[in-house]
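Shown next, in structure tokens, is the structure this report addresses.
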Amino acid sequence: MLSANAITRRFGRTLALDAVDFEALPGEIHALVGENGAGKTTLMNVLAGSLAADHGEAVLDGRSLPAGSPRAALAAGIAAVHQSPMLFERMTWEENLALGGFDTGAGALDLDAVATRARALAAKLGFEMPPAGATVEHRSVAERVRLEVLRALSFNPRVLILDEPTSVLAPSELAAFLDLLRSLRADGRIVVMITHKLAEAIAVADRITVLRRGRVVARTTPAQTSEEKLAGLMIGEIVTQPAASAPPSHPGDPVLQIENLTLDDHTGRRILDRLSFRVAAGEIVGIAGVDGNGQTELVEVLAGVRRPTSGKVTLHDGSSGAMAVIPQNRDLDGLILDMRLWENLILARPLREQVTSHGWLNASRAIDLCRQLIDRFRIRAPGPETLAGALSGGNRQRLEVARAIASRPRVIVAHNICRGLDLAATAEVHRAILDFAFAAGGGAVILISSDLDELLAICGRLLIISRGKIRETSPGERDPERLGLLMAGARD
Amino acid sequence: MLEAFLTSAITMATPILLAALGELLVEESGVINIGIEGAMLAGAFVALAIAYFSGSTALGLAGAIAAGVAINAIFATLVVNLAVNQVVTGTAVSILALGLTGVFYRKLFGVTGKAFMVAPIAKIPLGPLARIPLLGPVLFDHNGLVYFTFILVPTLWYVIAHTRYGLRLRACGERPEAADALGLGVIAIRWQALIVSGALTGLAGAFLTLAYANTFVENISAGRGFVALSVVIVGRWNSWGLAAASVLFGAAMALQFGLQALGTVVPYQLFLALPYALTLVVLAGFGGQAAAPSALGEPYRRQ
């Protein structure tokens, strides 16, 4: 039995876990649900040894685990899959896996043997592996999660803790993945699954523990609860937020025009293939696709960090700051986690200009601005002086959205903005995006996502990206199944 | 003429390469040690002092290793355990060693102006190889430290790229928090790299006093530690690249001596500056950080 006894952990002034008791039994899948910032990930890190608790202890089968020792936790059989995969970017995937349990630890290091063992396990799960010798840095988020899952399983763990593992898996992988969790359960292992997808928790878990603001508010079973009840427990009140919906769009003048945009990578492989589309003011254009089909590169080209091989991107309002980009990897590309919230805000040039005069930064004005945005976008943070790294994932995302919208750009390019966000946060982010597009003199939005439901809910127009090519869908095309086929690369 | 120049290039390259290989290990683990200069000086001084008083070259070398390790242990305590800024600490360590060796030298040998000479480390000609025209004297007629240094090149390349230990080392330099989550013991690995590097850098210093100058003068390393740092960058964090870059700098130093000996009207100080000017020029061309470990220079501290 795995148990956490009265675990308390603070980050600065934020109480992340407040005397949390938790237990999971061998042969069960235990779902840990809660809003962003409820303390789920902190609890996982304490159990996996990567964080030491201030008080309380983790106990596995009667033996208490030394606090803050990942090595001891792994030796005891606890493996964790982190929400943003803990991989080594510039190493090959084989090397990444060799650092886990696929390497026997005896004799010379044999990466081929590691790859063979990994492929065997991957085949069982229906995971597709990257080509031999590929480094992690250019792999998609989904591929990274698969690698991290494999690496965790390579330790042959007694306890597997997964932080939002399913949010990036393709539907075809999901079934095999849930089967895997069930087979681990059948072996008498303990599976702890952190999720905010309540339907999934109810479908696969044997028991559910609900966290809210660092406290356990309920322990229940799927039979005794429902999605509505869980949502209420998580948030503390029944959410009556209306689902965001896309009003008929009345596109104004074109704001952004993309013509024959082509990008080859350094090996000459074609990443983006003659993309042409335009986006008008007051319009939300969705680009749907399975991760790894050129979306990341498209965002990089639009953000100006990567030069296209050929083609043209024309922004009709040429002023700087006319485009705001919300990248998918918020911790690496979006925020500087070691900086304060207000400092992160004024990384955006338009906001910086608002709070500087003649080259002098007026910090108190920046802090005021930050405080306003914290209120307006309901960022859960002690204050503008908090470090961005102290926020939970969902609140980091709110901060990025706040920064983009407050910069008053003509176009927002957003990539997987709701990945890993809970229901309330997703609704708020969607609401903010809709307000941005449909306000008087509204802006244009390009929303790139692999979540079709999200795109159907808020986009007026839907494009499909597949293998670097973009195709327009007919305006009435709203059938998820057919769109899913197109995303997978079907030709009509 | 050519033979003398090339032989001198290899000799001049050796201490730089030895120190740079140590630094490579340290940088792969995610630490940048600007204090190499200090460990080198300490090695140079201790090697000379021990060899002079004991008459034993071997004891001198052992002392140099101990001195380099001791200096790096100070650095490691501050940087690895206490997460102090690496650049500041490294600079402080360099200055500390410069001061200490100067003081001890005057204390032990007095300010007489007399050079305290020791016998150079014996050369070991490699049998028939040493008799090959040109190549023989240039490559195969050196002391043991030269052979050791050049044998380290393929050895370290293999260890870093192809062994379990190298993989763990690189993991600590790439993403220490992920290495930690896998139970790799970032602190222990960074300490190990710094200890090995201390030994190599100490030996590099000993080379200056025991194999090259056969005496000690204040600041005998004359910036070679910093040249070694740039060699790691120019060599793209690859031990073969480091070897090539070191030989290039060795050649520049050898050329400088050759030009001085020719006795032109050009002030000799310009020739003295040649290797350092070359360092700047080459760094300007190779300065990109693409090949550097991602977490290089970032202190690692758990939340």
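The values are calculated or read from the model by the stated rules, or taken from the named source; none is laboratory data. What you are looking at is a predicted structure, and each value in this text was computed from that prediction instead of being measured. In this analysis, Cβ positions are derived from the backbone assuming ideal geometry, glycine residues included, and neighbour counts consider all displayed protein chains. When the accessible area is computed, the model is the full protein with side chains, heavy atoms only, and any ligands, DNA or RNA have been set aside. Shrake-Rupley method; radii C 1.70, N 1.55, O 1.52, S 1.80 Å.
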Failed item, numbered, when residue B:14 is tested on (1) more than 11 Å from the chain's Cα centre (by Cα); (2) open to solvent by less than 20 Å² (accessible area, probe 1.4 Å); (3) not aromatic (Phe, Trp, Tyr): (1)
Filtered residues of the stretch A:73-85 (kept if within 11 Å of another protein chain (Cβ to nearest Cβ), open to solvent by less than 30 Å² (accessible area, probe 1.4 Å) and at pLDDT 90 or above): A:73, A:78, A:79, A:80, A:81
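Just one of A:390, A:414 is touching a residue at least 40 places away in the same chain (Cβ under 8 Å) and not assigned by TED's automatic domain parsing to the domain that holds residue A:286; which is it?
A:390
Please indicate, with yes or no, whether at least one residue in the stretch A:29-48 is part of a strand (DSSP E or B) and either within 12 Å of chain B (Cβ to nearest Cβ) or basic (Lys, Arg) (or both). Steps first, please.
Quick first cut of the stretch A:29-48, residues part of a strand (DSSP E or B) only: A:29-34.
With either within 12 Å of chain B (Cβ to nearest Cβ) or basic (Lys, Arg) (or both) added as a condition, the list becomes none.
For the stretch A:29-48, residues part of a strand (DSSP E or B) and either within 12 Å of chain B (Cβ to nearest Cβ) or basic (Lys, Arg) (or both): absent.
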Criterion (open to solvent by 20 Å² or more (accessible area, probe 1.4 Å), modelled with pLDDT of 90 or more and not small (Gly, Ala, Ser)) met by exactly one of A:317, A:291, A:333, A:375: A:375
Meets criteria (out of contact with any strand residue (DSSP E or B) (no Cβ under 8 Å at 6 or more places or on another chain), at pLDDT 95 or above and outside any loop (DSSP other than H, G, I, E, B)) for residue B:49: no
Given (1) buried (at least 23 other Cβ atoms within 10 Å of the Cβ); (2) at pLDDT 95 or above; (3) over 30 Å from residue B:3 (Cβ atoms); (4) more than 14 Å from every other protein chain (Cβ to nearest Cβ), number of the condition residue B:172 does not satisfy: (4)
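Give the residue, chosen from A:317, A:291, that is in a loop (DSSP other than H, G, I, E, B) and out of contact with any strand residue (DSSP E or B) (no Cβ under 8 Å at 6 or more places or on another chain).
After ruling out the rest, the residue left standing is A:291.
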Filtered residue count, the stretch B:186-229, keeping only those that are more than 30 Å from residue A:85 (Cβ to Cβ), assigned to a helix (DSSP H, G or I) and in contact with a helix residue (DSSP H, G or I) (Cβ under 8 Å, 6 or more places away or on another chain): 24
Every residue from the stretch B:99-119 that is loosely packed, with under 14 Cβ neighbours inside 10 Å and within 21 Å of the chain's Cα centre (by Cα): B:99
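Among the residues of the stretch B:176-218, how many are among the polar types (S, T, N, Q) and either over 20 Å from residue B:23 (Cα atoms) or within 12 Å of chain A (Cβ to nearest Cβ) (or both)?
Within the stretch B:176-218, the first condition is being among the polar types (S, T, N, Q), and the residues that meet it are B:192, B:197, B:201, B:209, B:214-215.
Okay, now just the ones that are also either over 20 Å from residue B:23 (Cα atoms) or within 12 Å of chain A (Cβ to nearest Cβ) (or both), so B:209, B:214-215.
So the answer is 3.
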Selection within the stretch A:1-13 - in contact (Cβ under 8 Å) with a residue 60 or more places away in the chain and over 15 Å from residue A:51 (Cα atoms): A:1, A:2, A:13
Residue list for the stretch A:90-135, filter: within 10 Å of chain B (Cβ to nearest Cβ) and of a type in the set (A, V, I, L, M, F, W, C): A:91, A:98, A:99, A:106, A:108, A:109, A:111
